1. Would it be correct to say that Gln110 is in contact with a Lys or Arg (Cβ under 7 Å, 6 or more places away or on another chain), closer than 22 Å to Trp31 by Cα and modelled with pLDDT of 85 or more?
2. Can you list residue pairs whose Cβ atoms sit under 6 Å apart, with the first residue in the stretch 280-293 being touching a residue at least 40 places away in the same chain (Cβ under 8 Å) and the second being among the small types (Gly, Ala, Ser)? Count only pairs 6 or more apart in sequence or on different chains.
3. Go through (1) surrounded by 10 or more Cβ atoms within 10 Å (Cβ to Cβ); (2) modelled with pLDDT under 85 for Cys223 and report which single condition fails.
4. Report yes if Leu213 is at pLDDT 85 or above, within 30 Å of Gly336 (Cβ to Cβ) and aliphatic (A, V, I, L, M), otherwise no.
5. Looking at (1) under 30 Å from Arg290 (Cβ atoms); (2) at pLDDT below 90; (3) exposed (fewer than 11 other Cβ atoms within 10 Å of the Cβ), which is the one condition that is false for Gln338?
6. Find all pairs meeting these conditions: Cβ atoms under 9 angstrom apart; at least six residues apart or on different chains; first residue within the stretch 253-279 and part of a helix (DSSP H, G or I); second residue modelled with pLDDT of 80 or more and of a type outside the set (A, V, I, L, M, F, W, C).
7. Go through (1) modelled with pLDDT of 60 or more; (2) closer than 20 Å to Leu92 by Cα for Lys169 and report which single condition fails.
Amino acid sequence: MSPFGRNFLKARLKNRCESKAQEPGEEVQVWVCEEEKVVCGVTKRTTCADVVQALLEDQRAAPEDRRVLQGEAWEYCLLERWKGFERALPPLTRILRLWSDWGDQKPFVQFVLVKAGESDPASCKRSSKPKGALPKSKRWEQGPAQYMKSLPVERQKRLVRKAFRKLEKIRKERTAPRGGEEGEEGISRLVQLIISQDHTIRHQIHRMRELDLEIEQLERAVCGGRESPAPEQSESPRASLAESTAGQSAESQLQEYLCTSDSVEQMEAQLKKHRDLIEKLSREIDAEMRSVCTVGASGGGAAGEGSGAAGGGAAGDGCDAVGVELQRVRRGLERGVQRGLALQAQAVQLEGELQRSEETLSCRSRECEELAAQLSALRVTTATSHAPNLTPTHAPTHTPPHAPPHTDTTDTDSDTGISSTHSQDSLSPCMDTPPPRDTDV
């Protein structure tokens with residue numbers, strides 16, 4: 001028998017209350033003399049022989065008057081019953097593996113501890129005949145336990161493997177329909193999921209088209225186009241939505257416009273804030289200057305009287321010298337502030353007068369330039385109009401020897417009676433145009 005797990009098994013009645021510290025491992029129910037007992041601490045290496053040994057040790061621990069089982073462990077074996085069928089389990093059978101392979105048929109399976117040779121072969125039904133088995137009459141002469149023990153070890157192992165294969169086949173046959181039903185349910189769930197996702201995608205596409213139309217309308221409104229779009233223009237966004245590149249470019253442009261508008265709004269808000277702050281500071285400065293001026297003007301006489309009183313008191317007791325000095329310094333500061341304000345007012349006034357003088361000077365200079373331009377234009381027109389009369393006058397002609405060098409024909413114009421030489425000399429802009437008044441030029 002396998003030595004693994006033998007020292008860890010413990011048998012007890014099923015209806016007995018469990019201890020607080022449960023034994024490690026699984027539990028298996030075994031019927032012993034019409035009593036159902038639980039074998040605790042069963043592992044994957046526990047065999048039927050280990051279970052029989054644990055049950056016999058539990059019987060030996062009981063009082064003598066309550067002992068039912070007598071004999072050694074090799075004289076007993078476990079029977080497996082399932083819906084009227086039963087079979088004797090070999091001693092080396094792994095009881096936990098056999099119990100787990102039954103699956104959902106566990107409620108119909110029972111393990112019974114019997115003594116070898118006491119089981120009635122006539123009352124048992126065999127579910128199958130193993131290959132190479134002996135005739136039925138000869139097979140059951142010694143009972144199922146003795147027969148299994150009489151077989152070689154390799155034969156016992158083959159029978160156990162065959163039994164496990166049959167149990168696995170039964171379990172697969174019973175779980176196959178359930179797996180098919182689960183597969184159908186999974187497929188139906190996938191179909192419902194696909195339908196719901198398709199509905200969601202369609203709704204999102206419709207919403208994207210509406211947003212695209214609204215964005216284009218806002219762009220037209222910003223650019224100045226307030227006219228309602230034509231039907232062809234309203235259809236164009238839907239066609240352009242199919243083109244991914246166009247949609248991406250429009251989205252990037254909109255994002256850039258939004259960022260620019262946000263930055264402009266922030267700059268305007270900051271500018272307004274700074275303007276308000278400047279106005280507030282200006283008002284505070286003006287109020288402070290007015291208060292200083294009024295205090296200095298009204299407190300001059302009072303300061304003089306206070307200084308006289310303070311001087312008398314200081315002459316009387318000699319303790320107010322510091323107060324007098326402070327009063328003097330305060331008056332000096334007030335006078336300095338008043339002088340500074342007066343100088344500031346004079347500077348502002350002088351600056352205004354200087355600005356007005358500069359404006360007057362610029363106006364006079366522009367007038368001089370205009371008059372000079374007009375005079376030069378008049379000079380040119382006069383020279384061109386008198387050119388034919390001057391040509392024969394200056395031409396070389398025969399003059400009488402007694403004629404004077406300067407005659408009236410050269411000095412006097414025939415039309416105006418004014419000397420041409422004198423008129424040409426008098427056309428100078430510097431001589432005709434007097435200098436502007438009240439200027440430094």
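The values are calculated or read from the model by the stated rules, or taken from the named source; none is laboratory data. Bear in mind that the values here come from a model prediction, so they are computed numbers and not experimental data. Please note: Cβ atoms are built from the backbone with ideal geometry, for glycine as well, and neighbour counts cover all protein chains shown.
1. On the way: in contact with a Lys or Arg (Cβ under 7 Å, 6 or more places away or on another chain): yes; closer than 22 Å to Trp31 by Cα: yes; modelled with pLDDT of 85 or more: yes.
Yes: the conditions hold for Gln110.
2. Going by the 6 Å Cβ cut-off, there are no qualifying pairs.
3. (1)
4. Details: at pLDDT 85 or above: yes; within 30 Å of Gly336 (Cβ to Cβ): no; aliphatic (A, V, I, L, M): yes.
So Leu213 fails the test.
5. (3)
6. Gln253/Glu219; Leu254/Glu219; Tyr257/Glu219
7. Every listed condition holds for Lys169 apart from (2).
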